[in-house]
Each structure stands twice: as C-alpha cells, then as structure tokens.
Amino acid sequence: MNHFIKIKNSDIDFLVEFEEGRSLFDLIRLKQELEALLGKSVDVVTEKSVHPLLKERIKAEAVQI
C-alpha cells in the first residue's frame, strides 16, 4: 500500500508498506525508479521510520494509491 504525503524539499512524497524481507536497498531502488518514472524528486519513507508524533497527521493527510 502506498500513500502520498508531503515532506519538506521533495516534489512528491510516498509512505510505503513493504512486505517482510525487504531491505533498505529495496527502498532506495524504489525511490530511484519513482524519480526516473515521474521525472521529479521524491521521498520514500516507511511507517516505521516516521516519528510517532507525526504518524496520525500523516495518515490523516495521506492519499492511498
């Protein structure tokens, strides 16, 4: 599941949920592929990497794609 969120300094922000066994390299690869596909700077973060105080606000503003 992917969600669009706004993070400073990037054009497009994604909150992603990875299946078990995925690594940081998978996250980096996804970021690079999205930037190449969209032609814009993107940030890709997982829910686990988001500060607990921000999670609810981000989820409220997210658009599921």
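Rule-based calculations on the coordinates, nothing more; no lab input. Note that the structure is predicted; figures quoted are calculated from it, not measured. Cβ coordinates were reconstructed from backbone atoms using ideal geometry, including for glycine residues, and neighbour counts include every protein chain displayed.
One chain, two ends: Ile65 and Ile28. Fully extended at 0.36 nm per residue, the span grows by 11.4 nm beyond their Cα-Cα distance. Amide H to amide H distances under 5 Å link Thr46 with Val16, where only residues 5 or more positions off or on other chains count and H is placed in the peptide plane.
Just to verify a number: FRET efficiency for Thr46 and Asp11, C-beta to C-beta distance, R0 = 22 Å, to 0.05? It would help to have the intermediate numbers written out before the result.
Numbers: r = 19 Å, r/R0 = 0.89.
Efficiency, from the Cβ-Cβ distance: 0.65.
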